[in-house]
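Worksheet for the structure shown next.
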Amino acid sequence: MPGTRNALPDQPDDAALAAAHELTAQVSVLRGTVRRDRRATSLPLLVLGGTTAAVMVPAIVQPTSMWTDGRIGAALQSVAIVAALAAIWQAERHRAVAAGVGTGRGFGLAAVAGLVLLVIPGGLLLSLIAGPFLTFALGLLIAGLKQRNAFISWFAVAVGVAGIVNDRDWISNRLPGPHPWAGPAISLTLALLTVAAGLLWWRRENRAA
Amino acid sequence: MTFDEVVHQRARLAIMSVLAEAGQADFPYLRKLLGMTDGNLGRHLETLAAAGLIVISKGYHGNRPRTWAELTSAGRRSLAAELANMRALIARLEQG
């Protein structure tokens, strides 16, 4: 086949093995350095998790307020999440221009998708029914798929499903006793889990470089 | 087992590995990270682009010209095949 050659060159096995190890190690180090430079996994999780946690706290402190309870609360939380997606997009764009690495395209698309979900009638209805974690999951999943980031993609699905199930009260309804704070508390836990995942990835990205 | 001569070259493999992780990287970033000269990097990028493994785009940020490189789908596949072949080679040689 043109442009190819046998993988066993005219060198002893020891030298070929050493060369192969060196090349794979070089690839691993380079990819780790780029991951640290981009913070492509840790930064989105920290920003999105932090924003989501921040908007869930009022729902626990004042669970029966008009602005935190019910569908108005869910709509405001979804708007905050879309804003977080847009902020991540802008941060990644800035890094792409300043440092010369990355694109930010994934979160740009995610922010647009989140916005579309909130403004089109069917999408708004769906997001009001499913709650803010629909916007959270959709945005994170779109960005994860666009950036080929398997962790982000799967994390989006897992947290999204848990968040939507919780928003439908399928978890809190099974807990004993009156608990108006339970649903928001579970949502807050999911958000803090996202922040924790972001911190873990930050450390991992530092180590890999 | 055969290796693609375009990909199986230390500098070009390094470039493709960086682009696989970065999504997109500009010329100064690649040059600094890989420790290459302008001419050396430029030649390798041209070779990869000619083989259809990367696309090079040029633009401006303000008045500054920028050159960006990004892997193509073929580039991703070729890189994945190269890394798989190397792992297989290591496994075979280590088994003796």
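Overview of values
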| item | result |
| --- | --- |
| Principal axes of the protein assembly as shown: Cα extent on each, largest first, Å | 76, 54, 32 |
| Selected from A:199, A:23, A:138 as most flexible by GNM, with chain A as the system and alpha-carbon contacts under 10 Å | A:23 |
| Only Lys, Arg (+1) and Asp, Glu (-1) charged, at Cβ; the protein assembly as shown dipole about Cα centre in debye | 460 |
| Lys, Arg +1 and Asp, Glu -1 on Cβ, resulting dipole of chain B about Cα centre, debye, nearest 20 | 200 |
| Relative contact order for segment A:82-196, counting Cα pairs under 8 Å that sit 6 or more residues apart, in percent | 19 |
| Relative contact order for chain A, counting Cα pairs under 8 Å that sit 6 or more residues apart, in percent | 30 |
| Chain A: angle of helix A:132-146 to the longest principal axis, Cα-based, in degrees nearest 10 | 10 |
| Computed over chain B: relative contact order in percent, which uses C-alpha pairs under 8 Å that are six or more apart | 33 |
| Charge-dipole axis of chain A as Lys and Arg at +1 and Asp and Glu at -1 on Cβ define it, positive-most pick from A:27, A:76, A:135 | A:76 |
| Cα gyration tensor category, rounded, prolate or oblate, for segment A:85-209 with a/c compared to 1.5 | oblate |
| Check: segment A:111-209 dipole with +1 on Lys, Arg Cβ and -1 on Asp, Glu Cβ, in debye | 340 |
| Along chain A, longest interval not containing exposed trypsin sites (Lys or Arg not before Pro), exposed being DSSP loop plus at most 15 other Cβ atoms within 10 Å | A:1-147 |
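Throughout, read-outs are computed from the coordinates displayed, never taken from laboratory work. Here the structure is a predicted model, which is why all the values come from computation and not from measurement. Cβ atoms come from the backbone with ideal geometry, glycine included; neighbour counts cover every protein chain shown.
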